[in-house]
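The values are calculated or read from the model by the stated rules, or taken from the named source; none is laboratory data. Small disclaimer: the values here were computed from a predicted structure and weren't measured. Neighbour counts are summed over all protein chains in view; Cβ atoms, including those assigned to glycine, are modelled from backbone coordinates with ideal geometry. SASA here: full protein model, heavy atoms, side chains in, ligands and nucleic acids out. Shrake-Rupley method; radii C 1.70, N 1.55, O 1.52, S 1.80 Å.
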Amino acid sequence: MQLEMVMTGPLQENCYVVMDEDTHEAIIVDPGADAPMIGARVAQMGAQPIAVVNTHCHFDHVGAVTAMRQQYNIPFYIHPQDRLMLERASVSAKNFGLTLDQPAVDRFLREGEPFKVGHSSLEVRFTPGHCPGHVALVGDSFALVGDVLFAGSIGRYDLPGASLPVLLNSIKTQLLTLPDETVVLPGHGPSTTIGRERRTNPFLQNI
């Protein structure tokens, strides 16, 4: 699979375009803002989007969802336990002085089920703790982890619906079980690997 990252919005959120190289079918993961920039990257790749898929529904990850749905006439997928978070997105954005076109969900992800993209597939892993309906999308040698795990850090656990014990358990059972060479693609900041975080992340040394 081919992956391209587009950094979006004032919170520098990472949106990913994930494309099956055989068919050019693609999904747009976490389109947080800057829809024209995301669309330009899709065109540059020659991708044919089939869905918008979000790891979670905090406002900085959903700001361009509506634009992507309309531009490509594709459905929007989230985990069902993040529906309330999605419904609050526009209000949350206003608290930061921002506005967004409130997205509407089309379909739901189910943990353990593969999400097909052309001839490839991504495994949906349920990773709550940063928010109730967070998921990670695991492919061959990479994981799109949203805001659960970062290079040298972990996701915030002081937000509504968040929990540090739940977050650490998600990392332990759903991410640290992946091979060390797995590339971690987070929702903010640089990429890393499971092995690097296992060895050096200060939040993970006691789990």
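Points worth noting:
- Counting only residues that are open to solvent by less than 10 Å² (accessible area, probe 1.4 Å) and over 15 Å from residue 54 (Cβ atoms), the range 128-142 holds 1 of them.
- Qualifying residue in the range 137-144 (condition: of a type in the set (A, V, I, L, M), in contact with a helix residue (DSSP H, G or I) (Cβ under 9 Å, 6 or more places away or on another chain) and at pLDDT 95 or above): yes
- There is at least one residue in the range 135-153 that is touching an Asp or Glu at 6+ places or on another chain (Cβ under 6 Å) and either polar (S, T, N, Q) or outside any loop (DSSP other than H, G, I, E, B) (or both).
- Cβ-Cβ under 8 Å pairs, at least 6 apart or on other chains, the range 42-69 side of a type in the set (Lys, Arg), far side surrounded by 20 or more Cβ atoms within 10 Å (Cβ to Cβ) and in a loop (DSSP other than H, G, I, E, B): 69/103
- So residue 122, is it assigned to a loop (DSSP other than H, G, I, E, B), within 19 Å of residue 14 (Cα to Cα) and of a type in the set (A, V, I, L, M): no
- Failed item, numbered, when residue 110 is tested on (1) in contact with a Phe, Trp or Tyr (Cβ under 6 Å, 6 or more places away or on another chain); (2) at pLDDT below 95; (3) open to solvent by 20 Å² or more (accessible area, probe 1.4 Å): (1)
- A single entry from 173, 177 fulfils the requirement of being open to solvent by 50 Å² or more (accessible area, probe 1.4 Å) and in a helix (DSSP H, G or I): 173.
- Any hit, the range 78-93, residues being open to solvent by 10 Å² or more (accessible area, probe 1.4 Å), of a type outside the set (A, V, I, L, M) and touching a strand residue (DSSP E or B) at 6+ places or on another chain (Cβ under 7 Å): yes
- Complete set of residues in the range 86-113 that are charged (D, E, K, R) and assigned to a helix (DSSP H, G or I): 87, 94
- Inter-residue pairs, beta-carbon under 6 Å, first farther than 16 Å from residue 34 by Cα and in the range 86-100, second part of a helix (DSSP H, G or I) and of a type in the set (A, V, I, L, M, F, W, C), 6+ apart: 89/59; 89/62; 92/59
- Note on the range 6-85: enclosed helices (runs of 4 or more DSSP H) holding 2 or more residues that are hydroxyl-bearing (Ser, Thr, Tyr) are 65-72.
- Filter result for residue 103 (touching an Asp or Glu at 6+ places or on another chain (Cβ under 7 Å) and modelled with pLDDT of 90 or more): no
- Screening 182, 177 for residues that are farther than 17 Å from residue 61 by Cα and without any contact (Cβ under 8 Å) to a residue 24 or more places away in the chain leaves exactly one candidate, 177.
- Of all residues in the range 1-41 being open to solvent by less than 20 Å² (accessible area, probe 1.4 Å) and charged (D, E, K, R), the one that is farthest from residue 75 (Cα to Cα): 13
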